[in-house]
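Have a look at the structure below, then the notes.
The values are calculated or read from the model by the stated rules, or taken from the named source; none is laboratory data. Remember, it's a predicted structure, so these values are computed and weren't measured experimentally. Cβ placement follows ideal geometry from the backbone for every residue including glycine, while neighbour counts extend to all protein chains displayed. Each accessible area value is taken on the protein alone, full model and side chains, heavy atoms only, with ligands, DNA and RNA left out. Shrake-Rupley method; radii C 1.70, N 1.55, O 1.52, S 1.80 Å.
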Amino acid sequence: MESGTAETSTTAGEAKNGVGGAASAAERIEVTNPATGEPIGSVTVSSPDAVASSVARVRANQPEWEALGIEGRYRWLGELRDWLLDNQERVLDTMQAETGKVRGDTAAETIYLTDLINFYGTRAAKFIGDENVRPHSPLMAAKRLIVQYRPYPVVGVISPWNFPLALALGDAIPALQAGAAVVVKPSELTPLGIAEIIGAWKDEIGAPDVFDCVHGTGETGAALIDDVDFIQFTGSDRTGRKVMARAAETLTPVSLELGGKDPMIVLSDADLDRAANAATWGAMYNSGQVCLSVERIYVEEPAYDEFVAKLTKEVGRLRQGADGRTPEKDVGAMTSPNQTAVVEEHVNDALANGARAVTGGKAAEGPGDYFEPTVLVDVDHSMKVMRDETFGPVVGVMKVRDTEEALRLANDTRYGLAGSVFGEKSRAEQVARRIEAGAVNVNDVIVNYLAMDVPMGGWKESGVGFRHGEYGIKKYCRPESIVVTRFGGKREPTWYPYTKARRGLVGRLARAFNARDLKRRLGLRR
C-alpha cells in the first residue's frame with residue numbers, strides 16, 4: 001500500500017509534493033473529483049505565519065502530551081481508532097471523492113490505520129520504553145546505565161495524494177504514540193479527508209491539541225520544514241532532495257520515503273496463475289499509483305508465453321470507472337492530471353521504440369481522468385517505462401534467459417524500494433535475497449507493507465529511514481543516556497587531585513580488566 005510520486009516536470013513534481021514550488025496566489029484551494037472533474041470542496045491556504053502559529057501551539061501542548069506516558073497516549077489514539085471504525089463509510093466517501101479511487105481500493109486505508117494504532121499502542125513500551133543496559137566492563141559495575149527515548153517535540157509530516165490517509169496518519173500515529181506533537185501538510189489535491197479526521201480529533205473526540213494540519217503547496221511545505229524538529233516526507237526523489245536540502249539549513253533530521261520502480265521475477269517453476277493474478281493486482285491496484293506497484297516483470301523464457309497470455313487476459317477483463325459505496329469497478333481514475341501526462345509519455349515512448357501494447361495503451365475516453373490498464377511487451381531498459389517511475393496502470397514484461405539475467409535487470413535501477421519473486425518457495429527465496437531493495441515478497445506482492453512487524457523503507461534513491469517495526473517509532477525519538485552511580489566514596493579515583501597512588505590503582509585495574517593474557521594482566525610484559 002506504500003506510495004509516492006513519479007518523476008515529472010519540476011513544476012508538477014514540486015506542486016504534487018508540496019515543497020519548493022511557488023505558493024498559490026489564491027487564498028483557498030479548490031478540490032475536484034478526478035473521476036468526474038466536479039468540484040467537491042476547498043481549504044484555506046496556510047501562510048508561513050499560519051504554519052508557525054500551528055506549530056507553536058502544538059509545541060506548547062506537547063510536554064503535557066508526553067507526560068501522559070505510553071498508556072495514556074494509547075488511550076487517546078484508541079479513541080481515534082474507534083472513531084475511524086464508527087465513521088468508516090463517511091471517511092471513505094470523502095477519500096473516494098477527492099482521489100477518484102474505486103470503493104474496493106479505499107477500505108484498505110482505514111483497516112491499516114486501525115491496525116497500526118493497536119500495533120504501536122501495544123508495543124511502544126517494548127520499542128521505546130526505558131532500557132536498562134548491563135555495563136560491559138567491571139570498571140563500570142558501580143553504575144546503573146539507562147537509555148530513555150524522548151520524542152522530538154514537533155514532527156512535520158508532508159504526505160502525497162495517492163494514499164492521503166494511510167500515509168499522513170500512518171506517519172502521524174507512531175509519532176503521536178512516541179509523545180511528539182504532529183502537524184501534517186497533505187497534498188493540495190487531497191486535503192479534505194485528513195482535515196476531516198484532525199477536526200474530529202479536536203472536536204468530536206476532544207483529544208489534546210497536539211495534532212493539526214496546514215494546507216498549501218510549496219511555500220507551506222517549506223515553512224513547515226523550517227519550524228518543526230523532525231520531518232517525514234513521502235513523494236518523489238526529486239522533491240525529496242529539496243526537502244533534505246531545506247532541512248539541512250536548520251539541521252532538522254528527516255525520513256524520506258521516495259519513489260520505486262519495483263521489479264517482479266517469474267521463475268520457470270512458478271505457479272503461473274497465481275503469478276499472473278498477483279501481477280494484475282500488484283500493477284493495477286489504485287490505478288498503479290503506488291510506490292510498491294509492480295512496474296516491470298522479468299519472466300524466464302520457458303514460462304514467458306503462457307505468463308503473458310494469462311496476464312493479458314486478467315488485465316483485459318478489469319472493470320474501469322467510478323462506483324459508489326458498493327464495489328462495482330476494479331480500477332479507478334488517475335488522481336493527478338500531471339501524473340496522467342507522465343504515464344502517457346512513458347507508454348508512447350515505449351511504443352515508438354518497438355514495444356507492443358497487448359492490452360490498453362492509451363487514455364480512456366469519456367469523462368474523468370482515466371488511463372487504460374496496460375501491458376507492454378517487447379520492452380527493454382532503453383525505454384522510460386522500464387527505467388523511470390511510471391506511477392500508473394502500466395506494466396512492462398521482458399523475457400529473460402535465466403535467473404542471473406533476471407537479477408541483473410531487476411537490480412539495474414536507481415531505485416530500491418521493493419520487489420517480488422514467484423517460483424518454487426526455496427528457490428524463489430534464494431533469488432529474493434539477492435534483489436537490491438528494502439523489502440522483497442516471495443510469491444506475493446505489496447503485502448510487505450501490511451507486515452508492520454518488520455521495517456519498510458527504500459535503498460538507493462528510494463529513501464532514507466524506515467517505517468514500521470521498532471524503527472518506525474524509534475525514529476521519532478532521541479535516545480538519552482542516564483548513568484546513575486549507585487555507590488562510591490566522596491571522591492572517584494579519576495577525580496582531582498591527581499596522585500601517583502591513584503594513577504597506579506587506575507592503571508592496574510584497567511590493565512587487569514582489559515588485557516587478555518596473564519602476563520599483561522600482571523604487568524609482567526612491557
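A few points about this structure:
- C-alpha center-to-center spacing [the stretch 72-150, the stretch 153-167] in angstrom: 15 Å
- Set of lysines with alpha-carbon distance to K143 below 22 Å, sequence-local pairs under 8 removed: K490
- Spin-label zone in the stretch 89-108 - amide nitrogen under 18 Å from a point set 7 Å from the Cα of R325 along the C-beta vector: 89-98, 101-108
- Under 12 Å, Cβ to Cβ, from V43 - net charge with Lys/Arg +1 and Asp/Glu -1: -3
- Take V506: with every protein chain present and a 1.4 Å probe, its accessible area is about 50 Å².
- The stretch 250-342 - Rg over Rh from alpha carbon coordinates, Kirkwood radius: 1.08
- For a label point 7 Å along the Cα-to-beta-carbon line of Q148, residues of the stretch 38-82 with backbone N under 19 Å: 61-74
- Radius ratio Rg over Rh of the stretch 38-154, counting only Cα atoms, Kirkwood formula for Rh: 1.14
- Derived value for the stretch 152-309: Kirkwood hydrodynamic radius 17.6 Å. Basis is the mean of 1/r over every pair of different alpha-carbon atoms.
- By the Cα gyration tensor, the stretch 156-196 has an equivalent ellipsoid whose semi-axes, rounded to whole angstrom, run 18, 9, 8 from largest to smallest.
- Candidates per GluC sites (Glu not before Pro) in the stretch 203-298, loop by DSSP, up to 16 other Cβ within 10 Å: E204, E249
- Rolling a 1.4 angstrom probe over the stretch 117-190 with all protein chains present gives an accessible area of which 52% lies on carbon and sulfur atoms.
- FRET efficiency, T485 to E405 (Cβ-Cβ, R0 60 Å, nearest 0.05): 0.45
- Measuring max minus min along each principal axis, the C-alpha atoms of the stretch 433-526 give extents of 68, 34, 24 Å (largest first).
- Sulfur and carbon atoms: percent of accessible area, the stretch 248-349 [1.4 Å]: 46 percent
- Those chymotrypsin sites (Phe, Trp or Tyr not before Pro) in the stretch 472-505 that DSSP places in a loop and that have at most 14 other beta carbons within 10 Å: F487, W495, Y498
- Here the stretch 303-431 is described by how far its Cα atoms reach on the three principal axes: 45, 33, 28 Å, from widest to narrowest.
- Whole-percent carbon and sulfur share, accessible surface of the stretch 395-503, 1.4 Å: 54 percent
- For the stretch 332-378, diffusion coefficient by Stokes-Einstein and Kirkwood Rh (Cα), 20 °C, 1.002 mPa s, µm²/s: 195 µm²/s
- Evaluated on the stretch 367-518, the Kirkwood hydrodynamic radius is 21.2 Å, with distances taken between all distinct Cα atoms.
- Accessible surface, the stretch 259-418, averaged per residue in Å² (probe 1.4 Å): 36 Å²
- Here the calculated FRET efficiency for E306 and K126, from their Cβ-Cβ distance with R0 = 51 Å, stands at 0.60, rounded to the nearest 0.05.
- Principal axis extents of the C-alpha atoms in the chain (largest first, rounded to whole Å): 90, 57, 39.
- The convex hull of the Cα atoms of the stretch 29-82, projected and averaged over all directions, covers 6.1 nm².
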